[in-house]
Every structure is written in C-alpha cells, then in structure tokens.
Amino acid sequence: LAKRSGRNRSISFDKLTQDASTAKLELEQDLYRALEGDEFRLVYQPIVSLSDQSLYGFEALIRWHHPQHGVVPPVDFIPIAEETGLILPIGRWVVREAAKALKHWSVSLGGRLTIHVNVAAPQLISPDFVAYLAEISREYSLDPKAISIEVTESVLMRDLAVDTLRDLRNFGFGVSVDDFGTGYSSLAYLQKLPVDLVKIDRSFVRDIAGSAKSRDFLSAMVHLIKTLGLAVIAEGVETEAQSELLLSLGCTRAQGYYFSRPMGGEAVEGYLSAHADGYGEFRVG
Ligand code: C2E
Ligand code: MG
Ligand code: MG
Ligand code: MG
C-alpha cells in the first residue's frame with residue numbers, strides 16, 4: 001500500500017509539473033502578444049523623505065492585465081520575459097511610459113520628482129540601453145538626475161553591466177541597488193560600483209519594531225551605506241513604528257504600504273493635488 005501511494009504521489013507530481021510547464025508555455029505565448037495588445041500598465045509607489053515628510057518621487061512597477069487571467073504580477077512573467085528576450089521591448093516600453101508620466105506630472109511640479117525604474121540584466125547588457133534612455137530623456141526634456149535605474153545585486157556582479165552603469169552615471173542618471181542585502185555582493189563591491197543609492201530590502205525592515213537585534217542590524221546597514229557616501233531608501237515600510245524607528249536610525253527615505261500602495265497614473269494626480277501644501281512642496285504626513 002505504501003508503495004502504491006508512493007507511486008501515485010510521483011504520478012501526480014509529474015502531472016503537476018507538466019501542468020505548470022503547460023501554463024508557463026501558454027503565458028509565454030500570450031506574452032508575445034501583450035505589448036501590441038496594450039495589456040501592460042505601470043503603477044507608481046510614492047517614495048517619501050522621512051525627515052520632512054515630503055515626496056521624493058515614485059517607483060514605477062509593471063502590471064500585466066491578461067485578458068483571461070486578470071492582473072499577472074511581475075514575479076510571474078518577468079522571468080519568462082527575461083528568458084525569451086521579450087524583456088527588451090517590454091523594458092523599452094517601461095522606460096518610455098515612466099518618462100512620459102514623469103513629464104506629465106512635472107508640468108505642475110517644476111521637475112522636482114524622481115522616478116525609479118526597474119531594469120533586468122538583459123536590458124542592461126544590451127548595447128543600446130544607455131542611448132535609448134538618453135534619447136527618451138531628451139524627447140521628454142527630463143533632467144537625467146530625475147531618473148534612477150534600479151538594479152539588483154546579481155546584476156551588479158556582472159562585469160559587463162558595470163560599464164553600462166558607469167555610462168549611466170556619466171550621463172547623469174541615478175543608479176540604485178535594489179533589494180540590498182538579499183544578493184551576494186560583498187561590501188567591497190558596493191564601494192567600487194558606480195551607484196549612488198541603496199534600497200534596503202524589506203526583509204531587514206520587517207522586524208525592527210519588535211527585535212533589538214533587527215534594529216541594530218538595520219542601523220549598521222544604514223550607517224555603512226551613508227559612510228560610503230550613498231543615499232538610502234528603506235523598502236516595505238508597513239507601520240508607523242517602523243517609519244519612526246527608521247528615521248531615528250538615520251534612514252532618510254522610505255517606501256511601503258504605510259505611506260501608500262502602488263497606484264495607477266490617474267490616482268497619482270489625485271495624490272499629488274491632495275498633498276500639495278500650496279508652497280510647491282508635497283507633504284505626505
Ligand atoms: P522591487 O523592485 O523590489 O519592488 C518592490 C515590490 O514590493 C513591489 O512588488 C511592491 O508592490 C512591493 N511593496 C511595496 N511596498 C510594500 C510593503 O510595504 N509591503 C510588501 N509586502 N510589499 C511591498 P511588485 O510590484 O509585485 O514587483 C515585484 C518585483 O518585480 C519588483 O521588486 C521588481 O524586481 C520586479 N519588477 C516590477 N516592475 C518591473 C519592471 O518594470 N521591470 C523589471 N525588469 N522588473 C520589474
Ligand atoms: Mg525596485
Ligand atoms: Mg526592491
Ligand atoms: Mg524588494
């Protein structure tokens with residue numbers, strides 16, 4: 001009996017993996033049509049300055065509105081897009097869409113907002129990436145300083161990417177290390193890389209209110225990042241307690257559900273007018 005149930009288990013396991021790969025194949029085929037079908041949207045999550053509660057900018061995050069499956073989160077399709085090379089046209093769409101949005105908002109803002117854009121490894125090592133970004137920022141007459149490219153540590157470890165990052169910095173674009181602390185980069189690496197900002201992954205923020213050890217650890221990370229002369233953003237701030245602790249530990253900027261969930265472009269306009277204080281400054285608190 002034990003043997004039979006064991007075999008049954010392995011049969012159903014095979015079936016499960018088969019179903020999963022069929023589903024993945026279907027998603028892949030759908031992905032090829034998604035761009036021309038206008039199925040992608042960007043949502044934007046505010047990044048705030050903790051010291052004065054002002055708005056620093058937004059992170060652009062992609063959503064796929066699949067005609068049958070509804071909203072597919074990026075974790076479910078970005079890896080497929082990377083494997084198939086579709087990340088290149090999708091990535092170009094993201095850059096243009098984010099620049100267009102920033103330009104649109106900047107009309108009332110005097111160009112003080114920064115937009116953060118996530119970029120995957122194949123984009124960064126494609127030869128025309130910097131040229132495309134430069135072209136887009138010219139087209140929408142945006143200061144390159146207002147655009148920050150977010151890359152993860154695994155991307156940073158590739159030698160090819162480092163030249164591109166240097167080009168980006170020379171052009172005036174920002175380069176942020178995303179999800180810092182979850183990858184494999186050594187601290188020595190962080191020091192010599194052409195980056196100007198580090199985003200501390202939310203796993204290091206989660207327990208700071210309840211655990212002195214987590215608090216000390218985060219404090220050390222913030223201190224180190226600032227010692228290297230880099231700006232810092234804490235990710236995944238969900239409570240007021242976390243927000244206050246971060247500020248007391250020297251962290252100057254943050255994003256997370258406590259401040260705002262990511263929102264569509266129209267909602268951003270409402271958000272901006274709700275937080276304008278009449279002096280051209282935006283206060284979230
Ligand atoms: P990420 O760049 O680290 O983005 C932050 C993720 O954390 C987002 O998930 C955001 O919705 C979520 N988040 C924000 N605040 C909180 C919070 O307080 N609590 C929790 N639990 N989560 C929070 P999302 O939008 O699902 O994106 C997941 C990942 O997909 C991103 O991680 C990024 O690596 C990737 N991604 C998103 N958009 C793009 C894109 O346009 N291009 C590329 N290449 N990757 C993208
Ligand atoms: Mg990011
Ligand atoms: Mg992140
Ligand atoms: Mg993260």
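The values are calculated or read from the model by the stated rules, or taken from the named source; none is laboratory data. Computed from a predicted model, the values in this text were never measured in an experiment. Quick reminder, even Gly has a Cβ in these numbers, built from the backbone with ideal geometry, and neighbours come from all protein chains shown.
Annotations
- When Ala209 is tested against the conditions (1) away from ligand 1 (no atom under 16 Å from the Cβ); (2) part of a loop (DSSP other than H, G, I, E, B), the lone failure is (1).
- Residue list for segment 159-175, filter: within 14 Å of Ala120 (Cβ to Cβ) and either within 16 Å of ligand 4 (Cβ to nearest atom) or exposed (fewer than 14 other Cβ atoms within 10 Å of the Cβ) (or both): Leu160
- Tally, over segment 176-227, of residues that are closer than 22 Å to Ser148 by Cα, among the acidic types (Asp, Glu) and either in contact with a Phe, Trp or Tyr (Cβ under 9 Å, 6 or more places away or on another chain) or away from ligand 4 (no atom under 16 Å from the Cβ) (or both): 2
- For the criterion of being within 15 Å of ligand 3 (Cβ to nearest atom) and outside any strand (DSSP E or B), Val237 passes.
- Which numbered condition Ile78 fails, given (1) closer than 30 Å to Ser273 by Cα; (2) of a type in the set (Val, Ile, Thr); (3) buried (at least 16 other Cβ atoms within 10 Å of the Cβ): (1)
- Applying the condition of being more than 16 Å from ligand 4 (Cβ to nearest atom) and surrounded by 21 or more Cβ atoms within 10 Å (Cβ to Cβ) to segment 47-69 and asking which residue is farthest from Leu31 (Cα to Cα) yields Leu50.
- Of all residue pairs spaced 6 or more apart or on separate chains, those with beta-carbon atoms under 9 Å, a first member in segment 160-182 that is more than 9 Å from Pro194 (Cα to Cα) and free of Cβ contacts under 8 Å to residues at least 40 places away in the same chain and a second member that is more than 14 Å from ligand 1 (Cβ to nearest atom) and among the acidic types (Asp, Glu) are Gly172/Asp143.
- Any chance Arg96 is surrounded by fewer than 18 Cβ atoms within 10 Å (Cβ to Cβ), under 17 Å from the mean Cα position of the chain (by Cα) and of a type outside the set (A, V, I, L, M, F, W, C): yes
- Tally of residues being farther than 23 Å from Val48 by Cβ and touching a Ser or Thr at 6+ places or on another chain (Cβ under 8 Å) across segment 90-133: 5
- Which listed residue is surrounded by 21 or more Cβ atoms within 10 Å (Cβ to Cβ), assigned to a helix (DSSP H, G or I) and more than 16 Å from ligand 2 (Cβ to nearest atom), from Ser219, Ser243, Ser214: Ser243
- Test for Thr182: is it over 19 Å from Val117 (Cβ atoms) and within 16 Å of ligand 2 (Cβ to nearest atom): yes
- Tallying residues that are away from ligand 1 (no atom under 15 Å from the Cβ), out of contact with any Ser or Thr (no Cβ under 9 Å at 6 or more places or on another chain) and either of a type in the set (Lys, Arg) or part of a strand (DSSP E or B) (or both) within segment 45-65 yields 1.
- Every test in (1) within 16 Å of ligand 3 (Cβ to nearest atom); (2) among the hydroxyl-bearing types (Ser, Thr, Tyr); (3) modelled with pLDDT under 95 is passed by Ser176 save one, and that test is (3).
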